[in-house]
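Quick notes on the structure that follows.
The values are calculated or read from the model by the stated rules, or taken from the named source; none is laboratory data. Values in this document were obtained by computation on a predicted structure and should not be read as measured data. Note: ideal-geometry Cβ built from the backbone for every residue, glycine included; neighbour counts use all protein chains shown.
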Ligand SMILES: [Mg+2]
């Protein structure tokens, strides 16, 4: 079975958009928001939107068929809140791992993994690695860059051809 992995914050959960919307401009162009997440999450979580296309494309990826594994730097203390949010938003997944900030995301070996943070992609064990375009990762040219979930879906569908 093809194993597709994705980061949660700023790939599926649109933290950047939330900060923009709430005019927390100092944070919106950095990844520091993810560091503050355990503090801000309980407050902002009811207003946290889904990244456009993520819900639909995860469903389509699942139908390839593929196993969907979310690996997040959120801590296990946020597990209930996070699972509730995913359910409320209708996001399909088979497994979710909470590794904590700075935690090791290389716990599963993937066919393809998507993250917005190059350091995570460097460490992760995956045959294919995609960098989700964000203002804070524009300096990185080490991974194929994707801008939308439609692009991710097409990439995965092509990569999975003959492997599933
Ligand atoms: Mg992220």
(request) Could you tell me which residue of segment 146-164 is nearest to residue 14 (Cα to Cα), considering only residues that are without any contact (Cβ under 8 Å) to a residue 60 or more places away in the chain and surrounded by fewer than 15 Cβ atoms within 10 Å (Cβ to Cβ)? (result) 147
(request) Go through segment 106-120 and give me each residue that's crowded, with 18+ Cβ neighbours inside 10 Å, within 13 Å of the ligand (Cβ to nearest atom) and either modelled with pLDDT under 95 or closer than 14 Å to residue 153 by Cα (or both). (result) 113, 114, 117, 120
(request) State yes or no: is residue 111 without any contact (Cβ under 8 Å) to a residue 24 or more places away in the chain and either more than 20 Å from residue 13 (Cα to Cα) or assigned to a helix (DSSP H, G or I) (or both)? (result) no
(request) Determine, yes or no, whether residue 143 is within 16 Å of the ligand (Cβ to nearest atom), in contact with a strand residue (DSSP E or B) (Cβ under 6 Å, 6 or more places away or on another chain) and either touching a residue at least 60 places away in the same chain (Cβ under 8 Å) or more than 23 Å from residue 2 (Cα to Cα) (or both). (result) no
(request) Could you list, in sequence order, all residues of segment 125-137 that are part of a loop (DSSP other than H, G, I, E, B) and either surrounded by 21 or more Cβ atoms within 10 Å (Cβ to Cβ) or near the ligand (Cβ under 10 Å from one of its atoms) (or both)? (result) 134
(request) Identify, by number, the condition in (1) under 15 Å from residue 70 (Cβ atoms); (2) within 12 Å of the chain's Cα centre (by Cα) that residue 108 doesn't meet. (result) (2)
(message) Residues that are closer than 17 Å to residue 56 by Cα, within 16 Å of the ligand (Cβ to nearest atom), in a loop (DSSP other than H, G, I, E, B) and out of contact with any helix residue (DSSP H, G or I) (no Cβ under 6 Å at 6 or more places or on another chain): does segment 80-102 have at least one?
(response) yes
(request) Take residue 91 and decide whether it is touching a strand residue (DSSP E or B) at 6+ places or on another chain (Cβ under 6 Å), farther than 22 Å from residue 119 by Cβ and at pLDDT 95 or above. (result) no
